[in-house]
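Below is one structure; the comments refer to it alone.
The values are calculated or read from the model by the stated rules, or taken from the named source; none is laboratory data. Small disclaimer: the values here were computed from a predicted structure and weren't measured. With ideal geometry, Cβ positions are generated from the backbone for all residues, glycine too; neighbour counts draw on all protein chains shown. Note: areas computed on protein heavy atoms with side chains; ligands, DNA, RNA excluded. Shrake-Rupley method; radii C 1.70, N 1.55, O 1.52, S 1.80 Å.
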Amino acid sequence: LKPKPELTSDPAGAALTGMTVTLTCRMDPSTGWDFYWYKHTLNSETKNTKTNSHRVNIDSVSDGGLYWCRAGRGKPVYYTQYSDALWVNVTVSPKVVVTVRPDERVFRGETVTLRCDIKWGGDTEWTYRWEIEGTSNWYRNSADRCTQECSTSGTDNQKHRNAVSWCSTQEVNISSVDHIHSGKYTCTGQKNTQCSQRSDAVTLNVSAEAQAAVRVSPQPWLTEGDSVTLICEVTGSSTGWTFSWFRDDDHLSDSSRGAGGSYTLSPAALQHTGVYTCRAERGRPAYYTKYSNTQPLWITGVSRSVSLVVSPSRSQHFSSDSLSLSCEDQSNSAGWTVRRYTDRNTEDCSKQTGSTCRIVSLSTSDTGVYWCQSESGEKRHPLNITVHDGDVILVSSVDPVIEGDTLTLHCLHRSTNSPNLRADFYKDGSLIQNQMTGEMNITTVSKSHEGFYYCKTERGQSLHSWISVRGQISVFNIVSFLLAACPYLLSTVVLLFKCYRARVTSAEGQIKYAVTE
């Protein structure tokens, strides 16, 4: 009978795309034969080899299917029988995904975890191969996991070459990430002789220390009852952060005002005046950013007892002029001092006598916000003072304008000290009036007139001044504000009213009983 070869595959069973399967055609006797290989059908010979093995590259699912072999020798060729058909089952190699916690953009000193996940329905006994492009051979650092289980290619002084390692765990933890850990990370898995696909590269960028930044919306000058939101952001990163807020260096524990990176004051009150900063943190152990820039908030309103009086009474002043500021308290003026916030820091007014501050010769460094502060730290009546070393200033009230009143602006020249010159007036960058007298009036002011104003003449341009508009004060507004600020007041009023009604009813009953007797 014609001999019949036996066809086997290595590895046996399912094959993954991307690997190689070796087919073996076994004959007895095994010498002197040529071997012929067939795929899908016996009508087409795919390969002729001198040895009894044939390597098949499994590039796609179509490389699977039925395979046969037979042997032949001599001239004319004597052929053996065909082997039994062998089914090579091909499965798409599992996809690999690399994830990074907390983010692909991290900062020096953070703890970073890279994880290799293989999407495979069978068992998960994989060995993991990490490849890092664009980094030094940092796996030798004993502080990192997988050090004892992984080996790296190259030597310690090889920079910016692939660092390759085998690791039995899915995760690599870097306890204190640094610039040398920056690079493109990929991962593949191996189980027995089968390999997964290579993951897409994940780029780890390590930057210097994280910096928080704070901004305000809509603007930092407010009147009582307005709403304002402070926004804290981490420059170049937005994932996984929690935020802390500080006013005048004191931590704000009122978390109900904060959501994500926002801190909202609604309604804003006088006691919310101050200099705000923020800081962000993420991860375990916690990693903290640097403190943000300072962001002052100035809330103006009617202070029933304390006011800051400025002389001359305007918000803009010429350099070298003199200025006097004093705190006037109807009850105890000695308990208040003038403080200011400039581009440098918060400080007492430099030349202060009691509750009065006198600056003999102004300079641009005196530009800032001035207010009255009590011994207990209360802040009242903040006013913006601007010092200009140019030739033109805008004369406007230092206090907010009341809705319905008239707003008057003057364009004043340093040498003439007279407003009688032709001037253009601008609001928020747009020309609104052109006056030959250097004076502009807006009658019946409303909230829509709030904004930044400046004037321009042939002799120069003034600096910008913020003009705020405050609503008219009424008993209804005061009660509404108090109820909004303190909900318990409403319940107290209701209880007092009920108590009053009960006493009236009781008194009426006693009178009726006395008349009946």
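The figures follow:
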read-out: Calculated from backbone phi, Karplus (6.51, -1.76, 1.60) coupling profile of segment 48-55 in Hz, x at Gly/Pro; value: 10, 10, 7, 9, 8, 10, 9, 8
read-out: When each of Lys95/Lys191; Lys50/Lys191; Lys4/Lys191; Lys39/Lys75 is checked by Cα-Cα distance, pairs over 22 Å; value: Lys50/Lys191; Lys4/Lys191; Lys39/Lys75
read-out: Interchain or long-range residues, amide H under 5 Å from Thr46's placed H; value: Trp37, Tyr38, Lys39
read-out: Enclosed volume per residue, in Å³, of the convex hull spanned by Cα atoms of segment 1-113; value: 147
read-out: Accessible surface, 1.4 Å probe, highest first, among residues Asp34, Asp366, Asp389; value: Asp389, Asp34, Asp366
read-out: Phi-based couplings in Hz for segment 389-395 (Karplus 6.51, -1.76, 1.60; Gly and Pro marked x); value: 8, x, 9, 10, 10, 9, 8
read-out: Reachable aspartates and glutamates from Lys184, criterion Cα separation under 20 angstrom, eight or more residues apart if same chain; value: Asp103, Glu104, Glu110, Asp117, Glu131, Glu133, Asp144, Asp156, Glu171, Asp200
read-out: Cleavage-rule hits, GluC sites (Glu not before Pro), segment 335-443, DSSP coil, Cβ neighbours within 10 Å at most 11; value: Glu375
read-out: Segment 182-296 - convex hull of the alpha-carbon atoms, volume per residue in Å³; value: 143
read-out: Segment 345-365 versus segment 415-460: alpha-carbon centroid distance in Å; value: 29
read-out: Alpha carbon convex hull of segment 335-419, projected area averaged over orientations, nm²; value: 7.2
read-out: Neighbourhood charge, 10 Å Cβ-Cβ cut-off, centred on His381 and excluding it, Lys, Arg +1 and Asp, Glu -1; value: 0
read-out: Net charge of Cβ neighbours under 13 Å - reference Asp103; Lys, Arg +1; Asp, Glu -1; value: +1
read-out: Principal axis dimensions, segment 45-107 - Cα atoms, whole angstrom, descending; value: 75, 20, 14
read-out: Accessible surface of segment 1-107, 1.4 Å probe, proportion on carbon and sulfur as whole %; value: 50
read-out: Exposure rank, largest accessible area first [Arg101, Arg282; 1.4 Å]; value: Arg101, Arg282
read-out: Segment 192-305, relative contact order [Cα under 8 Å, separation at least 6], %; value: 32
read-out: Exposure ranking of Lys39, Lys47, Lys119 by accessible area [1.4 Å probe, largest first]; value: Lys119, Lys47, Lys39
